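The values are calculated or read from the model by the stated rules, or taken from the named source; none is laboratory data. Since the structure is predicted, the reported quantities are computational estimates derived from the model, not experimental observations. Note: ideal-geometry Cβ built from the backbone for every residue, glycine included; neighbour counts use all protein chains shown.
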Amino acid sequence: MNGTLGSLAEAESPDPPATKSIDMRRRHSQIGFANSLHFVTTATSVRGLWFTDGAFCQQILESFEFHRGSNGIVCLGYVLMPDHFHALLYQAEEGTAVSDCIAGFKKFTSRFLKPKNYLDSTLWSLHFDDVPIPGFKAALKRIEYLHENPVRAGLVGKVDDFRWSSARFYETGEEGVVEIRKPWE
């Protein structure tokens, strides 16, 4: 993979390029800039408790890991909540890698994985949100946000108690299903 995360900490500049400083959501983004960070969110089509079964959550994250790796994307953090998924992703080369990763992940999981109590519903909403992240400090804030999500939702008392998140990797070094790279490495 071309590009490194090592320069991310130094990449914080007072005047980032206009294309990267826009803090607005892009629906189902089709293009990404080289060496760009993306905070991606996709929600289920119907709000509910889709992702509560451990075996099902494991399959969802295995599918994400496959599509992440197949598209050359680096994951800096993630959380799989009962009805949505957040990930902070790094794209080294210009192109559609993030969009292709999320589209492939959603297509596969919609087709082959569905909880029994939602068989009549489409798994994911049609679009996903892709927020460009301007640099290192903003990336750290997003990682903290997604790790705190299960605590704010009342699912656990501490961030590293939630199994379907990268928080354990950051807190204890315990590796999970999805390969994680810390932004300062």
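As a summary of the residue check, Trp124 satisfies the conditions (1) of a type outside the set (D, E, K, R); (2) free of Cβ contacts under 8 Å to residues at least 24 places away in the same chain; (3) under 21 Å from Ala55 (Cβ atoms); (4) in contact with a strand residue (DSSP E or B) (Cβ under 9 Å, 6 or more places away or on another chain) except for the one numbered (2). Within the bounds of region 110-121, is there any residue that is crowded, with 20+ Cβ neighbours inside 10 Å, touching a residue at least 24 places away in the same chain (Cβ under 8 Å) and closer than 21 Å to Pro82 by Cα? So far as region 110-121 goes, no, none of its residues is crowded, with 20+ Cβ neighbours inside 10 Å, touching a residue at least 24 places away in the same chain (Cβ under 8 Å) and closer than 21 Å to Pro82 by Cα. Could we say that Thr41 is β-branched (Val, Ile, Thr) and under 17 Å from Phe105 (Cα atoms) here? It is true that Thr41 is β-branched (Val, Ile, Thr) and under 17 Å from Phe105 (Cα atoms).
The residues of region 41-55 that are out of contact with any Ser or Thr (no Cβ under 9 Å at 6 or more places or on another chain) and either hydrophobic (A, V, I, L, M, F, W, C) or not in a helix (DSSP H, G or I) (or both), listed by number, are Thr41, Arg47, Leu49, Thr52, Asp53, Ala55.
Checked against (1) free of Cβ contacts under 8 Å to residues at least 40 places away in the same chain; (2) under 26 Å from Leu49 (Cα atoms), Lys141 meets all criteria but (2). Filtered by the rule that a residue be in contact with a Lys or Arg (Cβ under 7 Å, 6 or more places away or on another chain) and not β-branched (Val, Ile, Thr), region 47-76 gives Cys75, Leu76.
Could we say that Thr109 is among the β-branched types (Val, Ile, Thr), closer than 27 Å to Val159 by Cα, at pLDDT below 95 and not in a strand (DSSP E or B) here?
Yes; evaluated as a whole, the condition is true for this residue.
Check whether at least one residue in region 9-17 is modelled with pLDDT under 55, closer than 21 Å to Ser166 by Cα and not acidic (Asp, Glu), and report yes or no. For region 9-17, residues modelled with pLDDT under 55, closer than 21 Å to Ser166 by Cα and not acidic (Asp, Glu): present. Across region 139-184, what is the number of residues that are part of a loop (DSSP other than H, G, I, E, B), crowded, with 19+ Cβ neighbours inside 10 Å and in contact with a Pro (Cβ under 9 Å, 6 or more places away or on another chain)? Adding up the residues that qualify gives 2.
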